[in-house]
1. Straight distance only, please: which aspartates and glutamates reach the Cα of residue 2 with their own Cα at less than 19 Å, same-chain residues fewer than 8 apart left out?
2. Any idea what angle helix 288-297 forms with the longest principal axis of the chain, computed on alpha-carbon atoms, 0 to 90 degrees, nearest 10?
3. Heavy atoms of the protein only, probe of 1.4 Å, neighbouring chains included. What is the accessible area of residue 105 in Å², nearest 10?
4. Using the heavy atoms of the protein chains alone and a 1.4 angstrom probe, what is the accessible area of the stretch 312-378 per residue in square angstrom?
5. What is the antiparallel percent of DSSP beta bridges lying wholly in the chain, to the nearest 5?
6. Give the Debye-formula value of log10 I(q)/I(0) at each listed q (0.10, 0.13 Å⁻¹), with one equal scatterer per alpha carbon of the chain, two decimals each.
7. How would 155, 36 rank on accessible area, largest to smallest, probe 1.4 Å?
8. For residue 151, list the lysines whose Cα falls under 20 Å from its own Cα; do not include residues on the same chain fewer than 8 positions away.
Amino acid sequence: MKVLIAVTHLLGTGHLARALTLARAFSAAGHQVQVVSGGFPAPQLNIDGIALVQLPPLRSDGVNFTRLLAADGSLADETYLTRREKALCSALHAMQPDVLITELYPFGRRSLRKEFLALLDAAHGIPRRPVILSSIRDILAPPSKPEKADKADAVIARFYDAVLVHSDPAATKLEASWPVSRMLAAKLRYTGYVAPPAAGLHPEQAGSGEVLVSAGGGSVGTPLYQAALKAAKLMPDTPWRLLIGGSDAGRRIAELTKAGSPALLEPARKDFRQMLSHAAASVSMCGYNTALDLLQAGTPAVLIPFDAGNETEQGLRAASLAPLNGVQVVKTANLSAASLCAAVKAVLHAPPRVAGGFRFDGAVRSVKIAAELAGGRE
């Protein structure tokens, strides 16, 4: 079975990380898979063994997802966007996949609807139409207007065979963040959480006993880092390490170093998940992949959900995790060195957390669902 996964991350790198985890699961099951990535390269993510096609990259202008910037930082014009669309459709025609997966679209990435619709039209036009699936996380950004959900429904009804919801329905159903129509409900396939196998211990025990501060792979999290630098001064007996994401990590580290904190600052690392197994506590935002990493590792966690630009997804996810042992949530509006120290001390003294009852086999289950749907059309 040939599988094409189309994904564009615009701010952080969580969307690409999840797409790569899916790709590895398809590959491990003996299928041919290709990931077409439309965001900027993310060197901290492992792409070994993955066939990846890089489109002319885009990123959002901060949290303004309607203003898209090209590789040189300029506003992406029609010519640039047309190059992406042609490259995306060319990848489809070259591969002639049995399964096409669009990550997030049509529930998000509306600013890229033109290229996604061109891809979907092209998929319906090839001699043997692939099974077409949408791949979405547990919690979506709720539509700001009812017509946005209606438009997504129209695209699903016209083009898609099913929607893979990467959540354990016992924990979170799509209705928690998105209006589910009768048509959409019939197409939902809950997979469980899409996570790579638990990372286990770090061979060098990196991060041991530290407060590990992270904000994903994008150029976000500056308020979190600034509060952490001050908090580290208030807890001199506890080592703090800040992992700085983004393609401009070097510049950001240089700026943050001026604060004169005892914390260690370095770029985001590929071994972050292994470091969590040894950390005394984690301080982070609450993106999908980070939340799953914390659940798998059992690390005491302080969550500062990303809420810039009226984002609500991480806040909803953090609220669902707050009842667990060793989890504290601090809203951005309440974030300070003092509030962060108090939350860290609280999770350090909390009872151990056991992640029982959660399903992390969503990637394997996604492969099975795709294979069943493709097999049913033979």
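The values are calculated or read from the model by the stated rules, or taken from the named source; none is laboratory data. These numbers were taken from a predicted model, which means no experiment stands behind them. Areas reflect the complete protein model, heavy atoms only, side chains present, ligands, DNA and RNA absent. Shrake-Rupley method; radii C 1.70, N 1.55, O 1.52, S 1.80 Å.
1. Filter leaves 48, 98, 103, 121, 161, 372, 378.
2. So the helix axis and the longest Cα principal axis differ by about 60 degrees.
3. Its accessible surface works out to 10 Å², give or take rounding.
4. Values: 3550 Å² over 67 residues.
Normalised by residue count, the accessible surface of the stretch 312-378 is 53 Å².
5. Details: 5 of 50 bridges.
So the antiparallel bridges amount to about 10 percent of the total.
6. Log10 of I(q)/I(0), two decimals: -0.63, -1.06.
7. Working: 155 25, 36 0 Å².
From most exposed to least exposed: 155, 36.
8. In chain and number order, the partners are 114, 187.
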